[in-house]
Amino acid sequence: MDGVPVDLPEGTTLLSAVRAAGFAVPMLCHDDRLTPVGSCRACLVRVDERVVAACVTPVVEDAQVCVEQEDLRRLRREAVELIVSALPPYALEGDGELARICRELGIGPETAEGGAGRGRDDSHLFVRLDRDLCIACGRCVRMCAEVQGTFALTLAGRGSDTVVAPGTGGLWADSDCVACGGCVDSCPTGALTEPGLPIGTDEAALARTRTTCGYCGVGCALDVLTRDGRIAAVRPAKDGPVNRGHACVKGRFSHGFLRSPERLTEPLLRRGSDLEPVSWGEALDHIAHGLRAAIAEAGPDSVAAISSARATNEENYLIQKFMRVVVGTNNIDNCSRLCHSPSAAGLTAAFGLAGGTDTFDDVERADCLLVVGANPIEAHPVVGARLLQQVLHGARLVVADPRAIGLATHADVHLRPRPGTNVALFHGLAHVLLTEDMIDKEFLRHRAAGLPELAAVLDHYTPDRVAGLTGVPASDVVAAARLYGRAERPAIVYGLGVTEHLHGTDGVRALANLAILRGAVGTGRGFGVNPLRGQNNVQGASDMGALPDLLPGYGKVRDPVARGRAEQVWGARLPDHDGLRIPQMFAAAREGDLRVLWVIGEDVVTTDPDANRVIEALDACPLVISQELFLSETARHADVVLPVASWLEKDGTFVNFDRRFQRVRPALTPPGQARTDFAIVHALAVACGADLGCSTPAEALAECARVAPVFAGMSHERLDREGAIPWPCPDPGRPGLATLYHDRFATADGLAHLSARPYLPPGEIADDDYPLILITGRRWAHYNSGNMTRRSGVAELDPSERLDVHPADAAVLAVRDGDRVLVESRHGQATLPVRTTEEVTQGQLFCSFHFPSSGVNALTSSHADTVTSCPEYKVTAVRLRVRPDALE
């Protein structure tokens, strides 16, 4: 190639060869993430006397490629000049891709002779379309199809009038667009922009901060662009290890909450019935006095803390250290109790560690995906998009979920079990694997335990019996089992539809049975069992020891070796008995045994089950402290409210759903007197007369590495240098272990353990009094209690809660879309507008918990997983009533 030899694998394009040789050619229709089309002709090169587009031409052995010849430069310039000639002069303003290419080719604004006239579409909140700048390169259309998988865009018109348009016709705001922003990122001309960065913006003049998204647990790397102390835009990092230049509406656009006038900017202290502003000194002194009084009168176990899955690892580490060292109690828990505590318990029992078995990069190599109890298209959009692309490229897909949403619409087999019957369904699949000999006998003989016991249980779970228990046709059970059982590289991905049940831990273990039977863990012949984490750092909060029975790195508090290691590092004696779980904290408060409850970054009144009983607990507790961004429903019941920094204002690390530590860096300073959780814990320790050490987040992670051997290789310095690192990582000189259990499992005997637990019914079932089953979950535009998203622009995309009702159930009540119905359970009631849809099965309802005013969690019960106390959010028996004054 112009005298430079290159050696590339078969199938590589000439464009890659050009780059490998150190040359560059202009490109307007090409994006490395997309299928090349070769339409712009800007990347012309000569190969064996033929002039071809480099982006679509494969390399040929011993080919001679010319790049720098003068006639090639002229042809490339003419190709770009022709494109530019149809554009208005302002197309070459600023630092956009087209403008840069034109400067490199010596093409000036005078070449742009086109006029205006095709118009604009500014209807969408986050995407602006200037049709006069569209060159019909199709990059945005391919981005929407090939990366996001929404297929919301098309090219419309003929000839020179061809322009990008919503596939549904009409305005962009009325399209299927999910506001991922990928089309904006890929557009080379500025035809598509976002409000914060109009065409002509000099991005080099903006401050750029690399951080990790603070919404769901995917762990997208983001570049935050700021100007004058405000966010101008958020861009997905093209080299992000998980998102690879992609993002969702929350990570990219849901930062408006930072500027909300409702942000808490000073501490509040309750005086009578009112919360009044006070100084930090007064607030901290009040808390310290309350802590000392509680400990003196009732002992350290009269104090409890709920740590935060939104906080950094370093903050969670410091909080649990404060509780154990300063207070002297193990009464520390986090919201994984309410979502994935059955994952930790089930995966530990089956394999030995409390995390997913494989990296997501491995999962993407699977030829069959079993996606269970998860809706990643909405709840984890970047992962959902990547899974969808995998399916569109040929991977087989089995979805087990009561609702027909997201990936279920693309499934080879969609299993729709009755809520609460997961264990029976998984046993049915395992029965077919066993009886049709789709198991790995060698693996089971040498690397697993418990097969005889499981086989005896599975005898009772024939497809016909499972059909009766779950409502899933026997033929579908068999078909799904065969797809999973005959795959060469199967993988299991699951969510809260598995864990949030009375027998959630049994569900996780029964699901793990399938991977063990197939020998699909630690062998390379499959990619194990992998939970999708709901909050940005719910994995990390548990990893750091914000749990009542576990220390950092999952050492048991009752284990003298693990406890002794922490005592040596911390220089203090630690309690040797398990602390209270979140439900037990509330019970103790109601009974008068809990004197202080410290709630950090969680709106428990909105998100926890049986909300009326939660409120009773808060009102009964003498001192409730809430650390929050806003005056949440929980903060309204607190005695002290402390204003905190958001994830965009913090320094530290998060751990994502596949165990990767990633750096979090502050792009902004907190408003007013708001402080990071890290600073608040330190200040409270000082007010209590204690010194927690590790004065910076970097020092905190370094100290954690001394306490927890699985994190011994982690440090801020290493993460800054290397990027994402998975745990276990016991050695600073070696990489973390992305894929687990190659040599042995982390159980005491080194074996994977099958579970022979039988199916047991859920805590509630439909009956004559409460004939419908309510499932709760998430919607695409919002996150958790909605505290952040409801105060961002995305609230306009999804402004209110609704109750999904099957048309047949709506007909019985004679209600239509928009009518408000009273939803009653044995625990409470809520009023919600109806949305009729066949996404839900007859007899089942669905709603989210993003809008506190709806009071949805007043309906849910106190039934909880028998092993971990995880609430049974997915099965609540309810009835609907129509009131004349509720009809619209």
Practice problem: Could you please let me know if residue 31 is more than 30 Å from residue 385 (Cα to Cα) and of a type outside the set (A, V, I, L, M, F, W, C)? | Solution: no
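Table: residues versus (1) in a loop (DSSP other than H, G, I, E, B); (2) touching a His at 6+ places or on another chain (Cβ under 9 Å); (3) on the phi < 0 side of the Ramachandran plot.
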{"site": "732", "(1), (2), (3)": "yes, no, yes"}
{"site": "750", "(1), (2), (3)": "yes, no, no"}
{"site": "756", "(1), (2), (3)": "yes, no, yes"}
{"site": "775", "(1), (2), (3)": "no, no, yes"}
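If you check 191, 233, which single one turns out to be without any contact (Cβ under 8 Å) to a residue 60 or more places away in the chain and of a type in the set (Gly, Ala, Ser)? Before the answer, list the steps.
Values: 191 fails: without any contact (Cβ under 8 Å) to a residue 60 or more places away in the chain.
Result of the check over 191, 233: 233.
Looking at 442, 453 in this structure, which one is under 30 Å from residue 736 (Cα atoms), modelled with pLDDT of 95 or more and surrounded by fewer than 19 Cβ atoms within 10 Å (Cβ to Cβ)? Outline the logic, then answer.
Details: 453 fails: under 30 Å from residue 736 (Cα atoms).
None of the other options fit; the residue is 442.
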Exercise. Return yes when residue 36 is within 23 Å of residue 189 (Cβ to Cβ), without any contact (Cβ under 8 Å) to a residue 24 or more places away in the chain, within 39 Å of the chain's Cα centre (by Cα) and in a loop (DSSP other than H, G, I, E, B) and no when it is not.
Key: yes
Quiz item: Of the conditions (1) in contact (Cβ under 8 Å) with a residue 24 or more places away in the chain; (2) touching a Phe, Trp or Tyr at 6+ places or on another chain (Cβ under 9 Å), residue 109 fails just one. Which one is it?
Solution: (1)
Practice problem: Scan region 613-629 for residues that are closer than 14 Å to residue 267 by Cβ and either outside the structural domain of residue 304 (by TED's automatic domain parsing) or not aliphatic (A, V, I, L, M) (or both) and jot them down. | Solution: 626, 627, 628
Exercise. Filter region 410-439 down to residues that are small (Gly, Ala, Ser) and out of contact with any Phe, Trp or Tyr (no Cβ under 8 Å at 6 or more places or on another chain) and give me whichever is surrounded by the fewest Cβ atoms within 10 Å (Cβ to Cβ).
Key: 411
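Conditions tested, residue by residue: (1) in the same structural domain as residue 319 (by TED's automatic domain parsing); (2) within 20 Å of residue 654 (Cβ to Cβ); (3) hydroxyl-bearing (Ser, Thr, Tyr); (4) touching a Gly at 6+ places or on another chain (Cβ under 8 Å).
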residue: 543; (1), (2), (3), (4): yes, yes, no, yes
residue: 550; (1), (2), (3), (4): yes, yes, no, no
residue: 575; (1), (2), (3), (4): yes, no, no, yes
residue: 590; (1), (2), (3), (4): yes, no, no, no
residue: 611; (1), (2), (3), (4): yes, no, no, yes
Quiz item: Is it true that some residue in region 175-183 is more than 26 Å from residue 95 (Cβ to Cβ), among the hydroxyl-bearing types (Ser, Thr, Tyr) and in contact with a strand residue (DSSP E or B) (Cβ under 9 Å, 6 or more places away or on another chain)?
Solution: yes
Exercise. Determine whether residue 74 is within 23 Å of residue 7 (Cα to Cα), basic (Lys, Arg) and surrounded by fewer than 19 Cβ atoms within 10 Å (Cβ to Cβ).
Key: no
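Can residue 498 be described as assigned to a strand (DSSP E or B) and in the same structural domain as residue 525 (by TED's automatic domain parsing)? Before the answer, list the steps.
Numbers: assigned to a strand (DSSP E or B): no; in the same structural domain as residue 525 (by TED's automatic domain parsing): yes.
The answer is no for residue 498.
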Quiz item: Which residues, counting only those in region 185-240, are hydrophobic (A, V, I, L, M, F, W, C) and either outside any strand (DSSP E or B) or in contact with a Phe, Trp or Tyr (Cβ under 6 Å, 6 or more places away or on another chain) (or both)?
Solution: 187, 191, 199, 204, 205, 206, 213, 216, 218, 220, 237
Self-check item: Selection within region 495-524 - touching a Pro at 6+ places or on another chain (Cβ under 7 Å) and either at positive phi or surrounded by fewer than 24 Cβ atoms within 10 Å (Cβ to Cβ) (or both)
Solution: 502
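Please go through region 839-854 and pick out each residue that is farther than 20 Å from residue 607 by Cα, touching a strand residue (DSSP E or B) at 6+ places or on another chain (Cβ under 8 Å) and part of a loop (DSSP other than H, G, I, E, B).
Within region 839-854, the first condition is being farther than 20 Å from residue 607 by Cα, and the residues that meet it are 839-844.
From what is left, the residues that are touching a strand residue (DSSP E or B) at 6+ places or on another chain (Cβ under 8 Å) are 839-840, 843-844.
Within region 839-854, 839, 840, 843 meet the criteria.
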Quiz item: Does region 163-176 contain any residue that is under 22 Å from the mean Cα position of the chain (by Cα), outside any helix (DSSP H, G or I) and surrounded by fewer than 24 Cβ atoms within 10 Å (Cβ to Cβ)?
Solution: yes
Quiz item: Restricting the first residue to region 783-803 and requiring it to be within 14 Å of residue 126 (Cα to Cα), which pairs with a second residue that is of a type in the set (Gly, Ala, Ser) meet a Cβ separation below 6 Å and a spacing of at least six or different chains?
Solution: 792/254; 792/256; 793/256; 794/254; 794/781; 797/781; 798/781
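Conditions (1) outside the structural domain of residue 73 (by TED's automatic domain parsing); (2) in contact with an Asp or Glu (Cβ under 9 Å, 6 or more places away or on another chain), marked per residue:
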residue	(1), (2)
4	yes, no
32	no, no
36	no, no
47	no, no
51	no, yes
Exercise. Those residues that are surrounded by 24 or more Cβ atoms within 10 Å (Cβ to Cβ) and at positive phi, I need them from region 626-683; list them, please.
Key: 652, 659
Quiz item: For region 692-719, what are the residues that are touching a strand residue (DSSP E or B) at 6+ places or on another chain (Cβ under 8 Å) and assigned to a loop (DSSP other than H, G, I, E, B)?
Solution: 713, 714
Practice problem: Assess whether residue 750 counts as being surrounded by fewer than 21 Cβ atoms within 10 Å (Cβ to Cβ) and under 30 Å from the mean Cα position of the chain (by Cα). | Solution: no
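A quick yes/no check of all residues on (1) more than 30 Å from residue 73 (Cα to Cα); (2) surrounded by fewer than 22 Cβ atoms within 10 Å (Cβ to Cβ); (3) modelled with pLDDT of 95 or more; (4) of a type in the set (Asp, Glu):
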position: 102; (1), (2), (3), (4): no, no, no, no
position: 106; (1), (2), (3), (4): no, yes, no, no
position: 110; (1), (2), (3), (4): no, yes, no, yes
position: 115; (1), (2), (3), (4): no, yes, no, no
position: 119; (1), (2), (3), (4): yes, yes, no, no
position: 132; (1), (2), (3), (4): no, yes, no, yes
position: 140; (1), (2), (3), (4): no, no, yes, no
position: 147; (1), (2), (3), (4): yes, no, no, no
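I'm trying to understand the selection: among the residues of region 513-544, which are outside any loop (DSSP other than H, G, I, E, B) and either under 12 Å from residue 344 (Cα atoms) or within 19 Å of the chain's Cα centre (by Cα) (or both)? Please lay out each step first, then the result.
So the first thing to find is which residues in region 513-544 are outside any loop (DSSP other than H, G, I, E, B), and the list is 513-518, 529-531, 538-543.
The answer is 529, 530, 531, 538, 539, 540, 541, 542, 543.
Evaluate the following for residue 296: is it free of Cβ contacts under 8 Å to residues at least 12 places away in the same chain and either part of a helix (DSSP H, G or I) or more than 35 Å from the chain's Cα centre (by Cα) (or both)?
Working: free of Cβ contacts under 8 Å to residues at least 12 places away in the same chain: yes; either part of a helix (DSSP H, G or I) or more than 35 Å from the chain's Cα centre (by Cα) (or both): yes.
Yes.
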Quiz item: Which of (1) farther than 30 Å from residue 751 by Cα; (2) in contact (Cβ under 8 Å) with a residue 60 or more places away in the chain is the odd one out, the single condition residue 366 does not satisfy?
Solution: (1)
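The values are calculated or read from the model by the stated rules, or taken from the named source; none is laboratory data. These numbers come from a predicted model, not from an experiment. Quick reminder, even Gly has a Cβ in these numbers, built from the backbone with ideal geometry, and neighbours come from all protein chains shown.
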